[in-house]
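The values are calculated or read from the model by the stated rules, or taken from the named source; none is laboratory data. As the structure is a prediction and not an experimental result, all values here were calculated from the model. With ideal geometry, Cβ positions are generated from the backbone for all residues, glycine too; neighbour counts draw on all protein chains shown. With ligands, DNA and RNA removed, areas are computed over all heavy atoms of the protein, side chains included. Shrake-Rupley method; radii C 1.70, N 1.55, O 1.52, S 1.80 Å.
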Amino acid sequence: MTTTAKQWLEHIHALPHQKDKVKIMNVCGGHERSITMAGLRKALPEYIELVPGPGCPVCVCPEEDIFEAIQLALHEDIILLAFGDMLRVPVNVPKARARTLEQARAQGADIRPVASPTEVVAIAKDNVDKAVVFFAAGFETTTAPVAAMMVEGVPENLSVLLSGRLTWPAVAMLLESGEPGFDALVAPGHVSTIMGPEEWDFVVNKHNIPAAVAGFKPESLLAAMYSTLRQLNEGRYFLDNCYPELVKAGGNKSAQSHLNKAMSVYDANWRGVGIIPQSGYMLEKSYSQYDARKLFPSYADDARKRAGQMPPGCDCAQVVLGKIYPNQCKLFGAACKPRNPIGPCMVSDEGACRIWWAGGMRESVNVKKKAVG
Ligand code: SF4
């Protein structure tokens, strides 16, 4: 018989209460959505704080990559394909210019939202006389299918503007900063399905912080939270797999093989955060004939004053790193709402600001009084 969410909550409430706050970070937009939509924060004892961390690939996609995609779509004779979330993410240009892919499309660029590499290949095959560029931004779970697409062979007219990122280096960076801002980690289930749960061993072994892999249902998330709380109580830390139905030791070897064949890992830029060592995917040299960065001119514009940064006033980088909660940004719910997003965290379905707003957590709070950490 499986343990229900209600039973896990009872188990958590039965644990000895801590005097100090216990901060549990998640690093997955899907986790944050489930936590918020199920109202888990209100259901847990007061001493537990759930901190959304670096779980939104759209939010950390470098501003200059989005700028490049917009310029390619506007100035080259191409069809530009991107995951739907990317279309509304703004870059820092004067208002008269296209600030998003959506605005570039309104100016006549052929930009189409896609949901999968399969759709990308189909569009390329349907348009053999046209160059097709796939702007592929995402974490391991999104990048692995892109790698599979490359390995299986793509149409000659298709190239990729890759902006892939790995999740664990961002967590490692937080832990190595000396001020991680969390006491326990709920590790992402989907990423672990591909890369293997062992990828998160370093959290326990190197940093002595309890961790548990969770799926997306409240009962799986609560099981992982219970595990880390119990580990803290007992002072005995280990990586617990609370998503064993899908997460297997060693992960998905086939997906890893595709990633190893088509991609290499490099020190990559995260928007508003900076360079994180070994955190980005780039196409392997043997696939350079499909690399849009090599096939088309660079539109990098050194004159743009805020290139690489978040929009003015937007605290997305702090939200992504779990340093503040979404409603601690001054613009949350005021200038910035899903209909009129200022920063990427309010655009993407995986962005904490959008999730909190959609989940009814709309009350703005004073950042000075209640900052995380
Ligand atoms: S509320 Fe808007 S401006 Fe503030 S951090 Fe979130 S996305 Fe950025």
If I ask for residues that are open to solvent by 10 Å² or more (accessible area, probe 1.4 Å) and outside any loop (DSSP other than H, G, I, E, B), which ones from segment 173-190 would you list? M173, L175, E176, H190
Based on what the data block shows, is L221 in a helix (DSSP H, G or I), touching a residue at least 60 places away in the same chain (Cβ under 8 Å), within 23 Å of E140 (Cα to Cα) and open to solvent by less than 40 Å² (accessible area, probe 1.4 Å)? yes
Counting only residues in segment 322-341 that are more than 9 Å from the ligand (Cβ to nearest atom) and open to solvent by 20 Å² or more (accessible area, probe 1.4 Å), the one nearest to V58 (Cα to Cα) is identified as P338
How many residues are polar (S, T, N, Q) and either surrounded by 24 or more Cβ atoms within 10 Å (Cβ to Cβ) or out of contact with any strand residue (DSSP E or B) (no Cβ under 9 Å at 6 or more places or on another chain) (or both) when one looks only at segment 196-218? 1
Could you please find all residues in segment 150-161 being touching a helix residue (DSSP H, G or I) at 6+ places or on another chain (Cβ under 8 Å) and either open to solvent by 10 Å² or more (accessible area, probe 1.4 Å) or more than 23 Å from D85 (Cα to Cα) (or both)? V151, V154, P155, N157
First in segment 1-20 and farther than 15 Å from R41 by Cα and among the hydrophobic types (A, V, I, L, M, F, W, C), second anywhere and assigned to a loop (DSSP other than H, G, I, E, B) and open to solvent by less than 100 Å² (accessible area, probe 1.4 Å), Cβ under 9 Å, 6 or more apart: L15/P45
Matching residues, segment 59-86, being open to solvent by 10 Å² or more (accessible area, probe 1.4 Å) and within 20 Å of M346 (Cα to Cα): E64, D65, F83, G84, D85
Assuming E49 fulfils every condition listed in (1) assigned to a strand (DSSP E or B); (2) open to solvent by less than 10 Å² (accessible area, probe 1.4 Å) apart from one, which condition is it? (2)
